[in-house]
Amino acid sequence: MSDSTSSPPAATGSVRTSTGKRRVPFWDNARFACIVLVVLGHAIQRLTYDSDIALGLYLLVYAFHMPAFALISGYFSKSDPPGRRQMVRVVTDIVLPYLVFEGLWTITKLIVEGQADPNITQPSWTLWFLLALAIFRLVLPYLALLRWPLLWTLLISIGAGYLPNIDSTFSLSRTLGLLPFFTLGWWIHEHDLVERFALLRPRWWVTALSLAAFVAAGWAAWFFLDFWQAMELRQWLFYDDDYATIGERGWWAGGVRLLLMVVALTLSVAFFSIVPREKHWWTHFGQYTMYVYLLHSFVLYPFRESGVLRGLDPTWLWLPLVIVASVLISLGLATRPVRRLFRPLVEPRPTWLFTDPSLSAVGRRNDPTGSHRTHDGA
């Protein structure tokens, strides 16, 4: 997959791919940084039961990392009515991997736990985001027809939390909850804001403010930890339960979600501001986040379920080790040998499925962050 923008090379560190299209390293860096946060969040989850510092870090990561992922997804998605290629990609890039890995999880749970519930309407662990992406892409052409699409998606996200019948079935609750971030990413690209305001140009004062924002957020996550636990902040950040289930039945519960969305957007902007603009040795791994996303849960599963991540002391030693391990896992799962081995599962291309067998080879996708999109909208 190749991205292109019209940013000047000096501002973006652009490089040319073999197809002649200009690739902006920033977006690959941002993708890889986001997927590392996904792995990190899942890796430290068990540590949060025994360590306040780990819990504070966990809340900080979950406050923005999936909204940031949704923003990138929207930025690289198109609102045009889907053609055959786009429709095929929804099947090959999302639906088939979802079904394949749901099946693998069913088998894994049956072998390890002795029981499994093969229910494709209830995504296993990390697979909910694939369904969210499918729904995002399907509804975006309709949202683009509306005046004030950002306002409508914001109202949908907040309003969905009042309805107990909107739950995790087909990951609908999380999808509607994160829809404003996806739409915002599309809207930013649609109005060419990155180029018009040279948002990828490094500015020292922006970096300083962004770092200060993370320091402040990290301090608040740790210092007010008892309060966050009392209000079930972890559940709020999942966007998965309605407000009453979390424990808030007041009419103003939607205001809590709105405030958390403001925090998520602020931290996402700060996060993107400190992501390197230049190409590094690890930049190309950002092209293969789908492999990391789908495979890392199988790597972490035995560690999480065996209990080896519980009761680790001292935290100052084990938490950094888990952080480093998360980065190494992300790097390892994006390497060429892993991609070659698992490509049939991550990027299935069944020629028998389509009336036109050539459609199975349309547009291989290596990351779950949205459709390929060039500067001219192609």
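Tell me yes or no: at least one residue of the stretch 81-98 is within 26 Å of F181 (Cβ to Cβ), surrounded by 14 or more Cβ atoms within 10 Å (Cβ to Cβ) and in contact with a Cys (Cβ under 8 Å, 6 or more places away or on another chain).
Checked against the condition, which is being within 26 Å of F181 (Cβ to Cβ), surrounded by 14 or more Cβ atoms within 10 Å (Cβ to Cβ) and in contact with a Cys (Cβ under 8 Å, 6 or more places away or on another chain), the stretch 81-98 yields no hits at all.
Quickly run through the stretch 160-182 and pick out the residues that are out of contact with any Phe, Trp or Tyr (no Cβ under 8 Å at 6 or more places or on another chain), farther than 18 Å from L146 by Cα and either of a type outside the set (V, I, T) or without any contact (Cβ under 8 Å) to a residue 60 or more places away in the chain (or both).
Residues satisfying the conditions are A160, L163, P164, N165, D167, T169, F170, L172.
Take L211 and decide whether it is buried (at least 17 other Cβ atoms within 10 Å of the Cβ), of a type in the set (A, V, I, L, M), in a helix (DSSP H, G or I) and within 22 Å of the chain's Cα centre (by Cα).
no
Taking the stretch 22-45, which residues are basic (K, R) and within 16 Å of the chain's Cα centre (by Cα)?
R31 - this is the single residue of the stretch 22-45 that is basic (K, R) and within 16 Å of the chain's Cα centre (by Cα).
If I go through the stretch 226-253 residue by residue, how many of them are more than 25 Å from the chain's Cα centre (by Cα) and of a type outside the set (G, A, S)?
6
Pull out all pairs, ordered by first then second residue, where Cβ-Cβ is under 8 Å, the residues are six or more apart or on different chains, the first lies in the stretch 242-262 and is aromatic (F, W, Y), and the second is crowded, with 19+ Cβ neighbours inside 10 Å and not in a helix (DSSP H, G or I).
Here the result reads Y243/G161, each pair linking the stretch 242-262 to a residue that is crowded, with 19+ Cβ neighbours inside 10 Å and not in a helix (DSSP H, G or I).
Among the residues of the stretch 183-208, which ones are small (G, A, S), in a helix (DSSP H, G or I) and either in contact (Cβ under 8 Å) with a residue 12 or more places away in the chain or under 29 Å from L151 (Cβ atoms) (or both)?
Answer for the stretch 183-208, where residues must be small (G, A, S), in a helix (DSSP H, G or I) and either in contact (Cβ under 8 Å) with a residue 12 or more places away in the chain or under 29 Å from L151 (Cβ atoms) (or both): just G185.
Since A216 meets every condition but one in (1) at pLDDT below 95; (2) over 26 Å from E278 (Cβ atoms), which condition does it not meet?
For A216, the exception is condition (1).
Please indicate, with yes or no, whether at least one residue in the stretch 233-251 is charged (D, E, K, R), modelled with pLDDT of 95 or more and within 19 Å of S51 (Cβ to Cβ).
Looking for residues that are charged (D, E, K, R), modelled with pLDDT of 95 or more and within 19 Å of S51 (Cβ to Cβ), one finds at least one in the stretch 233-251, hence yes.
Scan the stretch 149-182 for residues that are touching an Asp or Glu at 6+ places or on another chain (Cβ under 9 Å) and either within 30 Å of R277 (Cβ to Cβ) or not in a helix (DSSP H, G or I) (or both) and jot them down.
Matches in the stretch 149-182: G161, Y162, L163, P164, N165, I166, D167, S168.
In contact (Cβ under 8 Å) with a residue 60 or more places away in the chain, out of contact with any Ser or Thr (no Cβ under 9 Å at 6 or more places or on another chain), buried (at least 20 other Cβ atoms within 10 Å of the Cβ) and not β-branched (V, I, T): is that true of L237 in this structure?
In short, yes.
Step by step: first the residues of the stretch 141-159, then only those that are more than 26 Å from P123 (Cα to Cα) and without any contact (Cβ under 8 Å) to a residue 12 or more places away in the chain, then the one that is surrounded by the fewest Cβ atoms within 10 Å (Cβ to Cβ). Which residue is that?
R147
If L47 meets every condition in (1) part of a helix (DSSP H, G or I); (2) under 24 Å from T289 (Cα atoms) apart from one, which number is that one?
Result: L47 passes all but (2).
For the structure I just gave you, tell me whether G254 is of a type in the set (G, A, S), under 27 Å from A212 (Cα atoms) and either touching a strand residue (DSSP E or B) at 6+ places or on another chain (Cβ under 6 Å) or assigned to a helix (DSSP H, G or I) (or both).
In short, no.
Just the residues that are assigned to a helix (DSSP H, G or I), among the small types (G, A, S) and farther than 27 Å from P180 by Cα, please, taken from the stretch 99-135.
G103
The values are calculated or read from the model by the stated rules, or taken from the named source; none is laboratory data. Keep in mind that what you see is a predicted model, and the values were worked out from it rather than measured. Positions of Cβ are generated from backbone atoms using ideal geometry, with glycine treated the same way; all protein chains shown enter the neighbour counts.
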